[in-house]
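The values are calculated or read from the model by the stated rules, or taken from the named source; none is laboratory data. The structure presented is a predicted model; accordingly, all values stated were derived computationally and were not measured. Positions of Cβ are generated from backbone atoms using ideal geometry, with glycine treated the same way; all protein chains shown enter the neighbour counts. In case anyone asks, the SASA skips ligands and DNA or RNA and just uses the protein heavy atoms, side chains included. Shrake-Rupley method; radii C 1.70, N 1.55, O 1.52, S 1.80 Å.
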Amino acid sequence: MENSDMVTFAAEAEDIGKRIDVFAAENYDVLSRSGLKKIIDSGGVSVNGKAVKANYKLRAGDVATLVIPESEPLEIVPQDIPLDILYEDDDVIVINKPQGMVVHPAPGHYTDTLVNALLYHCGDSLSGINGVLRPGIVHRIDMDTSGVIMAAKNNNAHRSLAAQLAEHSITRKYNAIVYNNIKEDEGTVDKPLARNPQDRKKIAVVPGGRRAVTHYRVLERLGKFTFIEAQLETGRTHQIRVHMSYIGHPLLGDEVYGPKKQPFNLKGQVLHARVLGFIHPTTGEYMEFESPLPEYFDMLLRKCKNI
């Protein structure tokens with residue numbers, strides 16, 4: 001396949017018996033499920049050098065190769081939206097995303113996203129690995145989560161950053177306000193996550209799901225609430241929100257995984273991506289960026305103390 005990129009993954013013991021489409025989705029989650037399906041259906045996934053169908057089940061020693069075709073011409077409109085840029089060079093751009101901004105276009109949100117802003121700011125200098133709707137996007141944070149997020153400006157940088165995400169070597173620390181008083185000073189939630197069988201729009205702790213590990217520590221106890229730092233060892237969809245809810249401490253403002261009624265008029269979960277650290281794709285230097293707590297978060301901390 002001309003004008004394409006290749007990514008290779010080796011099956012581990014826990015992967016034996018998995019379907020190749022499931023394995024590919026778990027190991028290359030920078031592509032959407034529909035995007036992966038198109039690649040597999042077109043013969044873009046091989047095992048040990050031979051093309052396989054989606055229902056192929058992995059065996060010991062299998063090495064899977066994913067061929068990613070060159071992205072289609074972009075159709076998303078660049079928009080002159082101000083960006084809070086923490087760092088930028090020819091390989092990567094690091095942004096402090098405000099609460100309420102959607103990361104990439106999706107049904108119902110085709111404008112005013114981070115991607116629209118990046119297209120205006122970077123022009124053609126964004127990686128194409130992740131397709132038409134997500135140029136440059138290596139990882140995501142939820143619309144209502146504020147804080148640090150990175151984007152790749154070329155395919156080599158994208159591959160490097162995606163590999164670091166897959167290896168769980170990227171530093172990601174979040175701050176959150178959760179319900180109830182956490183008695184222990186620190187802890188770890190190691191529970192597998194997958195789509196909720198009863199509600200596919202939600203994520204849940206599901207036996208047999210993808211391993212997910214969240215480390216947390218108490219920063220301050222606020223009576224009915226607790227101010228915490230959560231560090232991701234893995235990076236699954238809604239991981240912090242689901243894990244903290246699972247142990248009885250849902251995030252303040254999270255009406256999906258927490259109480260429907262809340263004491264404040266919030267726009268969503270109180271979660272801030274404060275620290276992001278990674279190895280630079282070209283220089284090999286470890287770089288770390290920090291976003292201070294936004295004003296809305298500081299204000300809520302003060303309010304929580306007075307309840």
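Brief remarks on what is shown
- Every listed requirement among (1) open to solvent by less than 30 Å² (accessible area, probe 1.4 Å); (2) touching a residue at least 60 places away in the same chain (Cβ under 8 Å); (3) not β-branched (V, I, T) is met by S160 save one, (1).
- In the stretch 58-79, the residue that is modelled with the lowest pLDDT out of those that are surrounded by 15 or more Cβ atoms within 10 Å (Cβ to Cβ) and in a strand (DSSP E or B) is P69.
- Top-ranked residue in the stretch 190-199 [being in contact (Cβ under 8 Å) with a residue 12 or more places away in the chain and over 10 Å from E233 (Cα atoms); ranked as surrounded by the most Cβ atoms within 10 Å (Cβ to Cβ)]: L193
- Annotation for the stretch 171-188: no member residue is under 12 Å from the mean Cα position of the chain (by Cα), open to solvent by less than 40 Å² (accessible area, probe 1.4 Å) and of a type in the set (A, V, I, L, M).
- Total residues in the stretch 265-302 satisfying the condition of being open to solvent by 80 Å² or more (accessible area, probe 1.4 Å), in contact (Cβ under 8 Å) with a residue 40 or more places away in the chain and over 21 Å from H139 (Cβ atoms): the figure is 1.
- Hey, E255 at negative phi and either open to solvent by less than 60 Å² (accessible area, probe 1.4 Å) or in a strand (DSSP E or B) (or both) or not: no
- Options G136, G128, G108; residue that is out of contact with any strand residue (DSSP E or B) (no Cβ under 7 Å at 6 or more places or on another chain), open to solvent by less than 20 Å² (accessible area, probe 1.4 Å) and of a type in the set (G, A, S): G128
- Test result for I228, in contact with a helix residue (DSSP H, G or I) (Cβ under 7 Å, 6 or more places away or on another chain) and over 12 Å from T145 (Cβ atoms): no
This table checks each residue for (1) touching a strand residue (DSSP E or B) at 6+ places or on another chain (Cβ under 9 Å); (2) open to solvent by less than 20 Å² (accessible area, probe 1.4 Å); (3) on the phi > 0 side of the Ramachandran plot; (4) not in a loop (DSSP other than H, G, I, E, B).
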site	(1), (2), (3), (4)
R140	yes, no, no, no
G208	yes, no, yes, no
E220	yes, no, no, yes
G235	yes, no, no, no
V242	yes, yes, no, yes
